[in-house]
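Written below as C-alpha coordinates is the structure these notes are about.
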Amino acid sequence: MSKCYRCDAKATSVEHVPPRCLFPEKKDVPKIDYRKNLITVPSCIAHNSARSHDDEYLLCVLVTSYENNPVARQHFETKIIRLLRKKPWFQTTLLKFLTPVLLNGEETAAFKVDMTRLRTVLESIAYGLHFHAYKERWIDKIKVIPLGMFKEEGAIFIRHPLEEAMLEGSKVFFADKEPLGENPDIFLYQIHRDLEKGVLVIKMVFYGGFEVIALSSPQIAETAANTGVDTDAANTAAQVTP
Ligand SMILES: [Zn+2]
(Lines give C-alpha, C1' and ligand atoms only; values in the text may rest on other atoms or scores of the structure.)
Protein backbone atom coordinates (compact mmCIF):
# COMPACT_ATOMS: atom_id res chain seq x y z
CA MET A 1 0.00 0.00 0.00
CA SER A 2 1.13 3.56 -0.64
CA LYS A 3 2.45 6.06 1.84
CA CYS A 4 0.47 8.73 3.68
CA TYR A 5 -0.02 12.14 1.97
CA ARG A 6 1.51 13.89 5.00
CA CYS A 7 4.20 11.56 6.39
CA ASP A 8 6.28 8.45 5.73
CA ALA A 9 3.90 6.09 7.48
CA LYS A 10 1.98 3.46 5.58
CA ALA A 11 -1.43 4.61 4.42
CA THR A 12 -4.26 2.69 6.03
CA SER A 13 -7.23 4.62 4.69
CA VAL A 14 -8.22 7.50 2.46
CA GLU A 15 -8.82 11.11 3.42
CA HIS A 16 -11.29 13.33 1.59
CA VAL A 17 -9.85 16.59 0.28
CA PRO A 18 -11.59 18.84 1.20
CA PRO A 19 -13.57 17.05 3.95
CA ARG A 20 -16.66 15.23 2.73
CA CYS A 21 -18.99 17.02 5.17
CA LEU A 22 -18.64 20.17 3.05
CA PHE A 23 -20.53 18.51 0.23
CA PRO A 24 -24.31 18.36 0.74
CA GLU A 25 -25.82 14.89 1.06
CA LYS A 26 -28.49 13.46 -1.24
CA LYS A 27 -31.05 13.51 1.58
CA ASP A 28 -30.67 17.31 1.84
CA VAL A 29 -30.47 18.07 -1.87
CA PRO A 30 -32.23 15.19 -3.66
CA LYS A 31 -32.11 16.73 -7.14
CA ILE A 32 -28.40 17.49 -7.40
CA ASP A 33 -25.43 15.23 -6.78
CA TYR A 34 -22.87 17.40 -4.99
CA ARG A 35 -20.63 14.43 -4.18
CA LYS A 36 -19.40 13.64 -7.68
CA ASN A 37 -15.84 12.29 -7.87
CA LEU A 38 -14.68 13.66 -4.54
CA ILE A 39 -10.91 13.84 -4.18
CA THR A 40 -9.27 11.34 -1.84
CA VAL A 41 -5.65 10.82 -0.84
CA PRO A 42 -3.98 7.92 1.02
CA SER A 43 -3.62 8.62 4.72
CA CYS A 44 -2.12 7.06 7.84
CA ILE A 45 -4.17 6.76 11.03
CA ALA A 46 -2.60 9.85 12.59
CA HIS A 47 -3.39 12.05 9.61
CA ASN A 48 -6.86 10.77 8.92
CA SER A 49 -9.94 12.54 10.23
CA ALA A 50 -9.46 11.66 13.81
CA ARG A 51 -10.21 15.35 13.66
CA SER A 52 -13.76 15.25 12.39
CA HIS A 53 -14.62 18.02 14.87
CA ASP A 54 -12.13 20.27 13.07
CA ASP A 55 -13.71 19.39 9.74
CA GLU A 56 -17.10 20.36 11.12
CA TYR A 57 -15.63 23.58 12.47
CA LEU A 58 -14.31 24.38 8.99
CA LEU A 59 -17.74 23.63 7.56
CA CYS A 60 -19.33 25.98 10.05
CA VAL A 61 -16.94 28.86 9.24
CA LEU A 62 -17.31 28.36 5.50
CA VAL A 63 -21.07 28.11 5.16
CA THR A 64 -21.72 31.11 7.38
CA SER A 65 -19.51 33.36 5.29
CA TYR A 66 -21.15 36.49 3.94
CA GLU A 67 -19.99 36.10 0.35
CA ASN A 68 -21.13 32.58 -0.37
CA ASN A 69 -23.65 31.21 -2.85
CA PRO A 70 -27.17 29.91 -2.04
CA VAL A 71 -25.91 26.31 -1.80
CA ALA A 72 -24.00 27.28 1.31
CA ARG A 73 -27.14 28.74 2.79
CA GLN A 74 -29.08 25.58 2.10
CA HIS A 75 -26.27 23.51 3.60
CA PHE A 76 -26.49 25.72 6.66
CA GLU A 77 -30.21 25.20 6.98
CA THR A 78 -29.88 21.42 6.86
CA LYS A 79 -26.49 20.14 7.99
CA ILE A 80 -25.50 22.92 10.38
CA ILE A 81 -28.90 23.04 12.02
CA ARG A 82 -28.63 19.26 12.59
CA LEU A 83 -25.17 19.69 14.09
CA LEU A 84 -26.42 22.46 16.35
CA ARG A 85 -29.15 20.18 17.63
CA LYS A 86 -27.02 17.09 18.05
CA LYS A 87 -23.71 18.43 19.27
CA PRO A 88 -23.52 20.79 22.24
CA TRP A 89 -19.92 21.80 21.50
CA PHE A 90 -21.11 23.21 18.21
CA GLN A 91 -23.54 25.55 19.91
CA THR A 92 -20.96 26.88 22.29
CA THR A 93 -18.49 27.38 19.45
CA LEU A 94 -20.82 29.14 17.09
CA LEU A 95 -23.56 30.87 19.03
CA LYS A 96 -21.69 31.94 22.14
CA PHE A 97 -19.64 34.53 20.30
CA LEU A 98 -22.31 35.76 17.95
CA THR A 99 -22.63 39.54 17.87
CA PRO A 100 -24.69 41.86 15.66
CA VAL A 101 -22.57 43.88 13.21
CA LEU A 102 -22.95 46.25 10.30
CA LEU A 103 -21.47 45.07 7.01
CA ASN A 104 -21.82 47.03 3.77
CA GLY A 105 -24.62 48.94 5.44
CA GLU A 106 -26.52 45.73 6.24
CA GLU A 107 -27.24 44.39 9.67
CA THR A 108 -25.88 40.91 10.13
CA ALA A 109 -24.13 38.79 12.73
CA ALA A 110 -20.50 37.82 13.21
CA PHE A 111 -18.49 35.47 15.35
CA LYS A 112 -14.82 35.29 16.15
CA VAL A 113 -13.02 32.54 14.34
CA ASP A 114 -10.40 30.30 15.93
CA MET A 115 -7.77 31.00 13.28
CA THR A 116 -5.33 28.35 14.49
CA ARG A 117 -7.95 25.69 14.16
CA LEU A 118 -9.16 26.96 10.80
CA ARG A 119 -5.63 27.15 9.41
CA THR A 120 -4.81 23.61 10.54
CA VAL A 121 -7.68 22.15 8.53
CA LEU A 122 -7.04 24.37 5.51
CA GLU A 123 -3.36 23.40 5.56
CA SER A 124 -4.28 19.72 5.43
CA ILE A 125 -6.45 20.44 2.41
CA ALA A 126 -3.55 22.22 0.66
CA TYR A 127 -1.18 19.28 1.30
CA GLY A 128 -3.88 16.91 0.10
CA LEU A 129 -4.47 18.85 -3.14
CA HIS A 130 -0.75 18.86 -3.86
CA PHE A 131 -0.56 15.11 -3.34
CA HIS A 132 -3.58 14.59 -5.55
CA ALA A 133 -2.12 16.74 -8.34
CA TYR A 134 1.49 15.48 -8.30
CA LYS A 135 1.24 12.07 -6.60
CA GLU A 136 3.92 12.97 -4.09
CA ARG A 137 4.23 14.70 -0.77
CA TRP A 138 5.02 18.43 -0.40
CA ILE A 139 7.55 18.60 2.41
CA ASP A 140 7.91 22.34 3.09
CA LYS A 141 5.67 24.37 5.34
CA ILE A 142 2.49 25.64 3.69
CA LYS A 143 0.88 28.85 4.89
CA VAL A 144 -2.80 29.40 4.34
CA ILE A 145 -4.46 32.77 4.11
CA PRO A 146 -8.26 32.68 4.27
CA LEU A 147 -9.50 35.73 2.37
CA GLY A 148 -13.18 35.34 3.07
CA MET A 149 -12.87 36.94 6.48
CA PHE A 150 -13.84 40.37 7.67
CA LYS A 151 -12.00 42.32 10.29
CA GLU A 152 -13.58 44.60 12.81
CA GLU A 153 -12.58 48.21 12.37
CA GLY A 154 -14.46 50.47 14.70
CA ALA A 155 -18.09 49.52 14.50
CA ILE A 156 -17.96 48.21 10.94
CA PHE A 157 -16.44 45.16 9.31
CA ILE A 158 -14.09 45.46 6.36
CA ARG A 159 -11.89 43.22 4.25
CA HIS A 160 -8.17 43.58 4.75
CA PRO A 161 -6.63 45.60 1.85
CA LEU A 162 -3.50 43.43 1.91
CA GLU A 163 -5.64 40.35 1.44
CA GLU A 164 -7.15 41.91 -1.65
CA ALA A 165 -3.65 42.64 -2.95
CA MET A 166 -2.60 39.06 -2.31
CA LEU A 167 -5.60 37.70 -4.15
CA GLU A 168 -4.82 40.00 -7.09
CA GLY A 169 -1.13 38.97 -7.00
CA SER A 170 -1.96 35.27 -7.09
CA LYS A 171 -3.74 35.68 -10.43
CA VAL A 172 -0.42 35.68 -12.30
CA PHE A 173 0.14 32.04 -11.33
CA PHE A 174 -3.20 30.90 -12.66
CA ALA A 175 -3.58 33.04 -15.78
CA ASP A 176 -3.54 29.97 -18.06
CA LYS A 177 -5.24 27.52 -15.72
CA GLU A 178 -8.93 26.67 -15.51
CA PRO A 179 -10.24 26.10 -11.99
CA LEU A 180 -10.54 22.37 -11.16
CA GLY A 181 -13.28 20.58 -9.28
CA GLU A 182 -16.24 18.39 -10.19
CA ASN A 183 -18.62 20.15 -7.78
CA PRO A 184 -17.96 23.81 -8.57
CA ASP A 185 -20.78 25.14 -6.36
CA ILE A 186 -18.97 23.64 -3.39
CA PHE A 187 -15.28 23.70 -4.19
CA LEU A 188 -12.86 24.82 -6.91
CA TYR A 189 -9.09 25.02 -6.87
CA GLN A 190 -6.08 26.02 -8.93
CA ILE A 191 -2.56 24.83 -8.29
CA HIS A 192 0.85 26.10 -9.40
CA ARG A 193 4.16 24.43 -8.59
CA ASP A 194 7.70 25.44 -9.49
CA LEU A 195 10.13 22.90 -8.06
CA GLU A 196 13.24 24.87 -9.05
CA LYS A 197 12.13 27.86 -7.04
CA GLY A 198 10.52 25.72 -4.37
CA VAL A 199 7.24 27.50 -4.87
CA LEU A 200 3.76 26.11 -4.41
CA VAL A 201 0.65 28.28 -4.75
CA ILE A 202 -2.89 26.98 -4.41
CA LYS A 203 -6.06 28.99 -4.68
CA MET A 204 -9.24 27.46 -3.28
CA VAL A 205 -12.79 28.76 -3.56
CA PHE A 206 -15.49 27.33 -1.30
CA TYR A 207 -19.19 27.82 -2.07
CA GLY A 208 -18.39 30.30 -4.82
CA GLY A 209 -17.23 32.97 -2.39
CA PHE A 210 -14.86 32.01 0.40
CA GLU A 211 -11.36 32.26 -1.04
CA VAL A 212 -8.19 30.81 0.42
CA ILE A 213 -4.62 31.18 -0.82
CA ALA A 214 -2.08 28.54 0.23
CA LEU A 215 1.59 29.41 -0.24
CA SER A 216 4.90 27.69 0.21
CA SER A 217 8.23 29.44 -0.40
CA PRO A 218 10.55 31.25 2.00
CA GLN A 219 9.81 34.78 0.77
CA ILE A 220 6.08 34.40 0.27
CA ALA A 221 5.64 32.77 3.64
CA GLU A 222 7.34 35.73 5.25
CA THR A 223 5.06 38.19 3.45
CA ALA A 224 2.03 36.23 4.54
CA ALA A 225 3.18 36.26 8.12
CA ASN A 226 3.51 40.03 8.00
CA THR A 227 0.07 40.83 6.68
CA GLY A 228 -1.41 40.56 10.13
CA VAL A 229 -4.38 38.55 8.95
CA ASP A 230 -4.05 36.27 11.98
CA THR A 231 -5.29 38.69 14.55
CA ASP A 232 -8.85 39.37 15.54
CA ALA A 233 -10.33 37.96 12.41
CA ALA A 234 -14.06 37.68 12.40
CA ASN A 235 -16.24 35.78 10.05
CA THR A 236 -19.56 37.28 9.17
CA ALA A 237 -22.53 35.05 9.49
CA ALA A 238 -25.24 36.71 7.48
CA GLN A 239 -27.47 33.62 7.52
CA VAL A 240 -27.45 33.07 11.24
CA THR A 241 -30.65 33.92 13.07
CA PRO A 242 -30.46 32.12 16.41
ZN1 LIG B 1 0.54 10.42 8.02
Once phi is turned into θ = phi - 60°, what whole-Hz ³J(HN,Hα) does the Karplus curve with 6.51, -1.76 and 1.60 give for every residue of region 26-43, x standing for Gly and Pro? 4, 5, 8, 10, x, 7, 10, 8, 8, 10, 6, 6, 5, 7, 10, 10, x, 9
Phi angles of region 201-210, converted by Karplus (6.51 cos²θ - 1.76 cosθ + 1.60, θ = phi - 60°) into ³J(HN,Hα) in whole Hz with x for Gly and Pro, give 10, 10, 10, 10, 10, 9, 6, x, x, 8
Using a 1.4 angstrom probe on the protein heavy atoms only, could you order 122, 38 from most to least accessible area? 38, 122
If you stretched the chain out fully between residue 197 and residue 27, how much longer would it get, using 0.36 nm times the residue separation minus the C-alpha to C-alpha distance? 56.6 nm
Check which residues have an amide H placed less than 5 Å from residue 13's amide H, if you skip close sequence neighbours. 43
Stretch gain in nm, segment residue 74-residue 86, where the contour uses 0.36 nm per residue and the Cα spacing is subtracted: 2.5 nm
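For each pair in 3/141; 36/79; 79/177; 143/197; 26/112, compute the distance between the two Cα atoms and list the pairs where it is over 22 Å. Show your work: numbers first, answer last.
Values: 3/141 19 Å; 36/79 18 Å; 79/177 33 Å; 143/197 16 Å; 26/112 31 Å.
From the list (3/141; 36/79; 79/177; 143/197; 26/112), the Cα-Cα distance tops 22 Å for 79/177; 26/112.
The values are calculated or read from the model by the stated rules, or taken from the named source; none is laboratory data. Bear in mind the structure is a predicted one, so any value in this text is a computation, not a measurement. These area figures cover heavy atoms from the full protein model, side chains too; ligands, DNA and RNA do not enter into them. Shrake-Rupley method; radii C 1.70, N 1.55, O 1.52, S 1.80 Å.
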